[in-house]
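Below is one structure, written out as structure tokens, with a few remarks after it.
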Amino acid sequence: MAFEEKLLTVPPPVEVAGRHVKRYHVTADPAGIAPEVQEAAYAILPTLLPDPDGTPPATFVVLHRGGDDGAYLNAYSWVWDNVLHFRGAAAGQPVLGCPDRDPTHFVPVDRPWIGCVWELPPIRHERDAWVRHLLAPSAPDLAAYLADSMPEGTTGDIA
């Protein structure tokens, strides 16, 4: 089977456990990610977030619905001013320690993996947005960072 990019949608940011969370959803399904999978993923999110350290409290997540039973939540949080903290969770993927094939039964994943080829494009955008809005200006602008998301389209649409 030939490689194909997946669809990327960008729901509005939300606040979770005192952090501003930018969201990216990745799926091959034109209908998007089922609401019950989204709800389950965002319910586990607080357990994936680091403690505050003085860095503006910003995180971005990639919620990916795989082509099988799997669903994956990658949480990338800004810490130490310019470092990404990563924690992930998965559902429906027994090979990653999930207890069943239920795509709403998320559990933390302890592997040192940061994302697959469809989950990585937002990292590039978010790195550049963090520099553009928080590190380069004379005064950091968290609101501008939160408004600066990768455009919807496919995972291969990199501006």
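The values are calculated or read from the model by the stated rules, or taken from the named source; none is laboratory data. Just so it is clear, the structure is predicted and the values come from calculations on it, not from any experiment. No Cβ is skipped: glycine too gets one built from the backbone with ideal geometry, and neighbour counts run over all protein chains shown. With ligands, DNA and RNA removed, areas are computed over all heavy atoms of the protein, side chains included. Shrake-Rupley method; radii C 1.70, N 1.55, O 1.52, S 1.80 Å.
If the requirement is being open to solvent by 10 Å² or more (accessible area, probe 1.4 Å), of a type in the set (Asp, Glu), part of a loop (DSSP other than H, G, I, E, B) and touching a strand residue (DSSP E or B) at 6+ places or on another chain (Cβ under 8 Å), which of these qualifies: 68, 29, 51? Give the derivation first.
Values: 68 fails: touching a strand residue (DSSP E or B) at 6+ places or on another chain (Cβ under 8 Å); 51 fails: touching a strand residue (DSSP E or B) at 6+ places or on another chain (Cβ under 8 Å).
After ruling out the rest, the residue left standing is 29.
Picking from 115, 156, which residue would you name as being more than 17 Å from residue 59 (Cβ to Cβ) and either part of a loop (DSSP other than H, G, I, E, B) or in contact (Cβ under 8 Å) with a residue 24 or more places away in the chain (or both)?
Working: 115 fails: more than 17 Å from residue 59 (Cβ to Cβ).
Only one candidate passes the filter, namely 156.
Please specify each residue of region 72-89 satisfying the condition of being touching a residue at least 12 places away in the same chain (Cβ under 8 Å) and either farther than 30 Å from residue 134 by Cβ or surrounded by fewer than 15 Cβ atoms within 10 Å (Cβ to Cβ) (or both). Result: 80, 81, 82.
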